[in-house]
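What follows is a short report on a single structure.
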Amino acid sequence: MNRADPLSYLGARLAEWKSAGTYQRLRILEGPSAAESRFDGKDVINLASNNYLGLTTHPKLIEAAIAATRKYGAGSGAVRTISGTMELHMELERRIAQFKNVEACVVFQSGFTANAGTVSAVLTPEDHIVSDELNHASIIDGCRLSRAGIHVFPHKDHAAAERILEELRDAPGRRLLITDGVFSMDGDIGPLPELVAAAEKHGAIMMVDDAHASGVLGRNGRGTIDHFGVHGRVDIQVGTLSKAIGVLGGYVCGSRDLIEYLYQRARPFLFSTSHPPAVAAACIAAFDILEQEPERIERLWSNTRYFKQQLAAEGFDTGMSETPITPVMVGEAARAFRLSAELFREGVLATGIGFPTVAKDKARVRTIVTAAHTTEQLDRALESFRRAGRLLGLI
Ligand SMILES: *Cc1c(COP(=O)(O)O)cnc(C)c1O
């Protein structure tokens, strides 16, 4: 066989990214994800995980996963609708619904499939979606899959969102107003009270993706709906089990009918195998810990306040952040990747993020402190930021 490789253009693109300094090499984690971890043979302070509460290595989660594996096996054997609904899956859904104080909950394989599967299932091509420009990629994909009309409003501009709803007043079909609770790249919080009011005024479905707010904001980490006190006014609440919860998965909370409908029509639910028992059991243990160990969330926030204050005192631009996600704004992607590389040499893992994840001139190094970091670790990380920041002329 000596035909030309029809995929050779991919190699050409990779070479372009490498010469532009925007190619992302995977760092290999050798051991657990923790406050200090070993990547590529080097021990570093880990400011690049979503393990907000340090639950990935909590003994109760690990024990629950092992016990469930012994009792139920390594895999579930099928998709939920065929024979892959185990009692642990139902228990987890009841546990989350109770925690969120909603009628019902459905768990998906990931937050990504929860968003994409839900938006595409509840809307049709006759409908309209009004969506924040910085909403997560899984929401964008869900919108596209639904083939509904997509109307993007400027970031957090609730007045613009309301104007779009107003303009759509006489259009046929339903409207969905959708926002992230906490925005994953900037760490700012969506204007829920204003958006909820706009949705109510115009009869729109209100949906909030609380991936970065679950376990972080609200009482015991109940999310932005609890943070703002807008209970009962958000029709579709999405959360993830992959971030603060420390395991893997996503969920949708809402009315019993919404959840029953998703059981019947959400494509990732119907066509992709359910979680292994270990995952469901570890998640259940994590919700117990949210209620039993609130000091973890307090520690997360005191670490967050300290780290932000110190970065700002050094003269770094930390953008619009209001949560433990703290970007250090840099500008060009190549420079962000350079800062990230310098930090790694210094013993700190903080990811450079550039286009297409964020806008071309908004590249940054993103940091996320966790409840598991000690002040000594944060001070060492800050010292590294100071040296690397001076080297690159950022401060
Ligand atoms: C991470 C994230 C998701 C996806 O969650 P996974 O469980 O990792 O698939 C969805 N939405 C937002 C806003 C996120 O930050």
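Where a number appears in this text, it was derived from the coordinates with a stated rule and is not lab data. Since this is a predicted model, take the numbers as computed values, not measurements. Please note: Cβ atoms are built from the backbone with ideal geometry, for glycine as well, and neighbour counts cover all protein chains shown.
Annotations
- Take every pair of alpha-carbon atoms less than 8 Å apart whose residues are at least six positions apart; their mean separation over the length of the chain yields a relative contact order of 22 percent.
- Kirkwood Rh (inverse of mean 1/r, distinct Cα pairs), region 283-327, angstrom: 12.0
- As a length-normalised measure over Cα pairs under 8 Å and 6 or more apart, the relative contact order of region 59-292 settles at 31 percent.
- Stretchable slack from Glu376 to Ala341, in nm (0.36 nm times residue separation minus alpha-carbon distance): 10.4 nm
- Prolate/oblate/rounded label for the chain (Cα gyration tensor, a/c 1.5): rounded
- For the cross-link pairs Lys243/Lys308; Lys100/Lys201; Lys18/Lys243; Lys308/Lys362; Lys243/Lys360; Lys201/Lys362, the ones whose C-alpha atoms lie over 23 Å apart are Lys100/Lys201; Lys18/Lys243; Lys243/Lys360; Lys201/Lys362.
- Given the chain, longest segment not containing exposed loop trypsin sites (Lys or Arg not before Pro) (DSSP; at most 12 other Cβ within 10 Å): 170-359
- Approximating the spin labels as points 7 Å out from Cα along Cα→Cβ, the Arg3-to-Leu392 distance works out to 4.5 nm.
- Size of charge dipole - region 279-349 - debye, nearest 20, with Cβ of Lys, Arg +1 and Asp, Glu -1, no other charges: 260
- Charge-dipole axis of region 59-292 as Lys and Arg at +1 and Asp and Glu at -1 on Cβ define it, positive-most pick from Ala148, Ile66, Gly232: Ile66
- Charges were assigned to the Cβ only: +1 to each Lys and Arg, -1 to each Asp and Glu. The resulting dipole of region 59-292 about its Cα centre is roughly 720 debye.
- Label-to-label distance for Glu194 and Arg219 is 2.7 nm, based on points extended 7 Å past Cα in the beta-carbon direction.
- Sparse-neighbour loop sites [GluC sites (Glu not before Pro); region 59-101; at most 14 other C-beta within 10 Å; DSSP]: none
- Per the Debye formula on identical point scatterers at the alpha carbon atoms of region 59-292, with no solvent, log10 I(q)/I(0) at q = 0.08, 0.11 Å⁻¹ is -0.28, -0.52.
- Taking region 58-191 and dividing mean pair separation by its residue count, relative contact order in percent (alpha carbons under 8 Å, at least six apart): 19
- Remark: the Tyr306-Glu322 segment gains 4.5 nm on full extension, using 0.36 nm per residue and subtracting the alpha carbon distance.
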